[in-house]
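Q: Okay, here's the structure, questions in a sec.
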Amino acid sequence: MLLNQKYSKIFFGLVFVLILLIFYKMLEPFLVTIILALTLVSLFYPNYRHLRIRLKGRNGITSLIMCSVITILIIIPSFLFFLALFDELNTAYDTFREQLDKQPVQKQEYLVQNPVMREVWQQINRYLGVDSGNLRLTFSRLIDRGVRYLLEHYSAILGGIGFFLFNFFIMIFSMFFFFRDGNELLKELKKLVPLAPEYEEMLIEKLKEVIYATFFGIFATAACQGVAGGLIFFGLGLSNPVLWGTAIAIFSLVPMVGTAIVWVPMAVYLLLTGSVVKGIVLLCLGALVIGLVDNLVRPIIIEGKSEGMHVLLVFFGLIGGLTLFGVPGLILGPLVAALLVTFLQIYKIEFKDELK
């Protein structure tokens, strides 16, 4: 009888772990979206409770109003931001075309003295099928290739926009139920955790703290990189520094792309058009300032917002999480680090006599 119970527990444990793994794989594409929904709910939950009292405890209506308000707060500023960004981009394109049309068709003599840049320039022009001395024709062909690429891949672009809107819908849909049933879900979760009530509260508070700090760190770091990039472009006398700073901030949120997709092509353009000093300065400042902001500022911000989280632990949590889990690791890595810190605190409390 005891043997059967032992094998039953082993079987149950294995099947349970397998189900958890499968369920995690099902949620993995939407993990960041769900965590973002939880973060927004935790930030706006005091407003939800106040509104629920005024609506006499109507949870469903209150959740619907809160989700509608948050949607408006996200969509309207985003629409105005991208409207201004597209206007800035159009101005930058017109300015670039005017400067290019004024430039005489000539050979760039400094390329002859720089074998590396000469080889890169020749490979680009060989690919485009143009004369390496006609700078205006080269960039015109690049723009034409870019437009043709967008036209050829418009279905994939529309699919990406559709996937973004689908994720946005999932976030709002999840927020509705987190607002409405959050307390009940939290109570059920506490029943499953075999810890003392005070330790459960410690664990939940730490996770909430780290989730908020991580998202705050991500967007604050993007803003810092955008400001740094804009100031560098402004200091070098380049046109449209606001546009390029905004682009740097946006691409800093894309882990596998990063900010280099903005400042490296611009530095190459400066080198090829004769502004060698500005190109070299942009490359150096881009690598040293813009590139290092992500690795230095984000861990410091998260450490400042999360009590007990050392900056080195946060740093390896971010890097290790990104390596192990991919993009969701930017959230999961610090969460695992927070769990480690919390369980170490519980260990020190429970075994304080033995540790002496």
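The values are calculated or read from the model by the stated rules, or taken from the named source; none is laboratory data. These numbers were taken from a predicted model, which means no experiment stands behind them. Positions of Cβ are generated from backbone atoms using ideal geometry, with glycine treated the same way; all protein chains shown enter the neighbour counts.
Q: Quick one: would you say S174 is modelled with pLDDT of 85 or more and out of contact with any Ser or Thr (no Cβ under 6 Å at 6 or more places or on another chain)?
A: In short, yes.
Q: May I ask you to verify whether G329 is under 18 Å from V32 (Cα atoms), modelled with pLDDT under 80, of a type in the set (G, A, S) and buried (at least 17 other Cβ atoms within 10 Å of the Cβ)?
A: yes
Q: From the list I19, I34, I76, pick out the single residue that is surrounded by 10 or more Cβ atoms within 10 Å (Cβ to Cβ), within 16 Å of F176 (Cβ to Cβ) and of a type in the set (V, I, T).
A: I34
Q: If G279 satisfies all but one of (1) modelled with pLDDT of 80 or more; (2) touching a Gly at 6+ places or on another chain (Cβ under 9 Å), what's the number of the condition it fails?
A: Against the list (1) modelled with pLDDT of 80 or more; (2) touching a Gly at 6+ places or on another chain (Cβ under 9 Å), G279 comes up short only on (2).
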